[in-house]
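Engineer: Pasting a structure here, questions to come.
Here, each number is a calculation from the coordinates, and none is a lab measurement. Here the structure is a predicted model, which means the values were calculated and not measured. Cβ: placed from backbone, ideal geometry, glycine included. Neighbour counts: every protein chain shown.
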Amino acid sequence: MPYFDRFDIVEAHYWYAADYHGGQWSELYVKLCRIGQYYNPGLMHRGYESLTENGKAIYNQLVKVVSNNAN
């Protein structure tokens, strides 16, 4: 169960948008750009693999919710 941590939330949403956006004109791409105004991962960051356990739980929940809504 994920807990509230602002950094984990922003980081998970950023990487979710980076992994699943549907192109430059999609809503997730807009979200990615908006988050990118205040969150810039370092060069050593490896996306999902670099998330904390809490960040991974938030990311996984995003994937689960969106895939359930798509069906």
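Engineer: How high is the relative contact order of the chain, in percent, counting Cα pairs under 8 Å that sit 6 or more residues apart?
Structural biologist: Reported relative contact order: 45 percent.
Engineer: Kindly put Tyr14, Tyr39 in sequence by how many other C-beta atoms sit within 10 Å of each C-beta, fewest to most.
Structural biologist: Neighbour counts put them in this order, fewest first: Tyr39, Tyr14.
Engineer: Express in nm, to one decimal, how much length is gained between Tyr3 and Glu49 on full extension, taking 0.36 nm for each residue of separation and deducting their alpha carbon distance.
Structural biologist: Working: separation 46, 0.36 × 46 = 16.56 nm, distance 1.87 nm.
Using 0.36 nm per residue and subtracting the Cα-Cα distance, I get 14.7 nm.
Engineer: While we're here: Tell me the label only: which of [x] 4, 19, 36, 27, 11, 3, 0; [y] 3, 16, 24, 24, 17, 10, 5, 1, 0; [z] 3, 17, 26, 26, 19, 7, 1, 0 is P(r) over Cα pairs in 5 Å bins from 0, in percent as calculated from this structure?
Structural biologist: Structure-derived value, by its label: [z].
Engineer: Relative to the present Cα-Cα distance, how much length would full extension add between Ser67 and Val10 at 0.36 nm per residue of separation?
Structural biologist: Details: separation 57, 0.36 × 57 = 20.52 nm, distance 2.00 nm.
This chain segment gains 18.5 nm when fully extended.
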